[in-house]
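Some notes on the structure that comes next.
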Amino acid sequence: MTDQPYHHGKLREALLARAMDFIEQAGVDGLSLRQLARDLGVSHAAPGKHFRDKQALLDALALEGFRSMNTQIVGAAQIIGDYRSRFVRIAKAYIEFAIAHPLLLAVMHSTKHHSDASDDLRSIGEESIRVARVMIAEAQGAGELGAGDPELLALVCFVSLHGAAVLAAGKLIDGTSVEALTIATTDLLWAGMAAGMPAL
C-alpha cells in the first residue's frame, strides 16, 4: 500500500471524501463500505471502525452536506440589505448548491427523514429553513410581508425553490436560464407573501 494521509488518523475523512465523489458520479445505489475500502487500499474491515454500516456513512455524508449548504445560506442571509434582497440571496445559495451537488442533495434530504437519522442530522437539516422562517417573520414585523404562518410560508418557499433547483439540475427548464428561473420564482413567492395568506 502507498503511504496516504488517512493512514495517519484520517481514514474517516478519506472515506467521506471518496463516498462523496462516488455519489456525485454514480449515485448512492452502488455505494458500499467494502468498495470504498478497495478504492482507498485499506482492509475491508477498516471502514467499520468509523461507520457501523452504509446508513451510518450516509448519515455522516448528509451531515457534511448540510453543514456546507447551511454555511452558504447563513452567509447569504447575513449580508446587509433589505429583506427582499436577502431572500433572493438565500434562494440563490440554495439553488446553486443544489445544481452543484444534485445527487448529494437527494441523499441529504432522504437520509434526514430516514428512521435511523441522528438527532444532530435532523437538527442541522432544518437549519436553512429556520433561517428563512426567521427572516420571513422579521419582514412581517417590519410590514414588508403580509400575515401568514412563517413556518408554513418558509415550507412553501422551500418546496418551490427545491422544485426549481431539481429541474435546473436535470436540465429540464427548456432553455430558461437558472438566473431567470430564480428571479421569477422569488418574485412570485415574495409577491404572494407580501399580499398575505387568506384565512383558512
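Bear in mind that the values in this text are calculations on the coordinates, not laboratory data. What you see is a predicted model, and the numbers here were worked out from it, not measured in a lab. Note: ideal-geometry Cβ built from the backbone for every residue, glycine included; neighbour counts use all protein chains shown.
Here are some notes:
- Cross-link partners of K54 among lysines, defined as those whose alpha carbon lies under 25 angstrom from its own and excluding same-chain residues fewer than eight positions apart: K10, K112.
- Each Cα pair under 8 Å and six or more residues apart adds its separation to the average, and for the range 62-195 the resulting relative contact order is 30 percent.
- Cα-centred dipole magnitude for the range 66-133, charges only on beta-carbon of K, R (+1) and D, E (-1), debye, nearest 20: 300 debye
- Dipole moment magnitude, nearest 20 debye, the range 9-51 about Cα centre, only Lys, Arg, Asp, Glu C-beta charged: 260 debye
- At least 20 Å along the helix axis (C-alpha) and Kyte average at least 0.0, DSSP helices within the chain: 11-26, 54-78, 83-100, 127-141, 150-169, 178-195
- Its Cα gyration tensor gives the range 9-51 an equivalent ellipsoid. The semi-axes, each the square root of 5 times an eigenvalue, are 17, 11, 8 Å from largest down.
- For a straight C-alpha distance cut-off of 21 angstrom, the lysines reachable from K171 (same-chain residues fewer than eight places away being disregarded) are K92.
- When the chain is treated as a Gaussian network with alpha carbon springs shorter than 10 Å, the biggest mean-square fluctuation among A165, A132, A56 belongs to A56.
- For the range 89-200: rounded, prolate or oblate by the Cα gyration tensor [a/c cutoff 1.5]: oblate
- By the count of neighbouring beta-carbon atoms within 10 Å, fewest first, L104, L40 end up ordered L40, L104.
- If only the Cβ of Lys and Arg carry +1 and only the Cβ of Asp and Glu carry -1, the dipole of the chain around its Cα centre is close to 420 debye.
- Both the radius of gyration and Dmax for the chain are 19.6, 67 Å, in that order, over alpha-carbon atoms.
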